[in-house]
1. Restricting attention to the alpha-carbon atoms of region 153-250, what are Rg (one decimal) and Dmax (integer), both in Å?
2. Within region 116-178, what whole-number % of the accessible surface is contributed by carbon and sulfur, with the 1.4 Å probe and all protein chains included in the calculation?
3. Take 129, 135 and sort them by solvent-accessible surface of the protein heavy atoms, 1.4 Å probe, largest at the top.
4. On a C-alpha basis, how far is the centre of region 208-235 from the centre of region 28-54 in Å? Whole number, if you could?
5. Tell me, what ³J(HN,Hα) does each residue in region 130-143 have, in order and in whole Hz, if you take phi through Karplus 6.51 cos²θ - 1.76 cosθ + 1.60 with θ = phi - 60° and put x for Gly and Pro?
6. Between residue 156 and residues 5 or more places away or on another chain, which pairs have amide H atoms under 5 Å apart, with H built 1.01 Å from N, and which residues are they?
7. Multiply the residue gap between residue 125 and residue 158 by 0.36 nm, knock off their C-alpha separation, and tell me the result in nm, one decimal place.
8. Find the eigenvalues of the gyration tensor of the Cα atoms of the chain, then list the square roots of 5 times those eigenvalues as equivalent ellipsoid semi-axes, largest first, in whole angstrom.
Amino acid sequence: AVNRVDSDLGRMEAVKRLKGVEDRRVGSEVFDELTLKTLYKLANSGYLAVLNGAVSTGKEANVFKGITDTDDFVAVKIYRVATSDFKKMQYYIQGDPRFKVRTTNRRQLVQAWVNKEFRNLKRALEAEVRVPEPVTARDNVLLMEFIGEDGVPAPTMRDAPPEDPEEALETILEYMYRLYNVARLVHGDLSFFNILNHCGEPVIIDVSQAMVLEHPLAGELLERDIENMIRDFRRIGVSVSADYMRERITGK
Ligand code: ADP
């Protein structure tokens, strides 16, 4: 199936190279016409040669494994425009001084959202927080470093708890500190579901909703992240208090 190319789309030069988009998927929720165009543009720009294999089907986005022209793996996160949570996106993006989006246009909002995820990843990386390195963002598609080994995606910490929980807690607290004090971001949806265990190293993912500290919701979301971390670590036998975590993260 990986080598099938949709003949209807043969007019687009890039489709010859972008293998793996099976014709039965054309017109589906994920691969609507505009998303296909975006993928072809990415292929034409040399970012993507093959799309092969779904990694995850989430509420808002699907993640695929891609292969680049230079035969490297790349994670391809495709937001579904039709069924994304428009209200949530609006709620989170308003109040972020980086984005002046006053739009009721779904596609524009999703594009701003993808941009936000791209910029948040960059900011986190600059603060030396281990996240997937962003490659490019275009329309509703985000390309980023594929976290895994030999094309096998790394499991989440929920599915593969760390061997040394105390050490994992230390690393995550350090990342939360750097996110807060250097990147000046709060993740906002941190849990073991959004931390991959890459050969024993925690990698934080899904920073699309992460917000700048100036955002009026930032304080509330930090508390939520802290509560989620306490709960997830308790499940693997580590107890930590909210006060301790808050102090480690914010210095207060
Ligand atoms: P969603 O918002 O749909 O939950 P996520 O960004 O959390 O999207 O990704 C969903 C899943 O896709 C993750 O749990 C993980 O299994 C996989 N995934 C996401 N990003 C990457 C990546 N960069 N490398 C490897 N796998 C990834």
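1. Looking at region 153-250, its Cα Rg and Dmax stand at 12.6, 37 Å.
2. Roughly 41 percent, rounded to a whole number.
3. Final ranking, largest accessible area leading: 135, 129.
4. Rounded to whole Å, the Cα centres lie 33 Å apart.
5. 6, 9, x, 6, x, 9, 7, 10, 8, 6, 9, 10, 10, 9
6. Residues meeting the criterion, in which the H sits 1.01 Å from N, are 197.
7. Length difference between fully extended and current span is 9.6 nm.
8. Square roots of five times the eigenvalues give 34, 21, 14 Å.
The values are calculated or read from the model by the stated rules, or taken from the named source; none is laboratory data. Predicted model, so just to flag it, every value in this text is computed and none were measured. Protein only, heavy atoms only, side chains kept; ligands, DNA and RNA dropped before computing areas. Shrake-Rupley method; radii C 1.70, N 1.55, O 1.52, S 1.80 Å.
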